[in-house]
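The values are calculated or read from the model by the stated rules, or taken from the named source; none is laboratory data. Owing to the predicted nature of the structure, the values given are computational and were not obtained by experimental measurement. Here the Cβ is made from the backbone with ideal geometry for all residues, glycine too, and neighbour counts use every protein chain on show. Note: areas computed on protein heavy atoms with side chains; ligands, DNA, RNA excluded. Shrake-Rupley method; radii C 1.70, N 1.55, O 1.52, S 1.80 Å.
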Amino acid sequence: MRMYTDELKTRCFINAQQKIAVIRCVDRSFLAYVEQFSRGYAQALTDAGILSFEQLDTLHALVDEAVELRKRML
């Protein structure tokens, strides 16, 4: 198993949060696509061993929150 530095793990977690933040400004036609991309990106980082399952749960909660907020705004 590959070992990742704490710095890389932190940067990847922040990058995933930034991808989730995009959900709050996309058009309705792209909402489902961006949601699935964000979830897939977080899952891929977890599968690679970069993020923990707790971080994955946190990111999924952020996605849910961002999607609900965007739906209310549209």
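Can you tell me which residue in the range 29-74 is farthest from Phe13 (Cα to Cα), limited to those that are touching a residue at least 40 places away in the same chain (Cβ under 8 Å) and not hydrophobic (A, V, I, L, M, F, W, C)?
Top of the filtered list is Lys71.
In the chain, which helices (runs of 4 or more DSSP H) lie fully inside it and hold 2 or more residues that are at pLDDT 95 or above, open to solvent by 50 Å² or more (accessible area, probe 1.4 Å) and touching a His at 6+ places or on another chain (Cβ under 8 Å)?
The helices (runs of 4 or more DSSP H) meeting that bar number zero.
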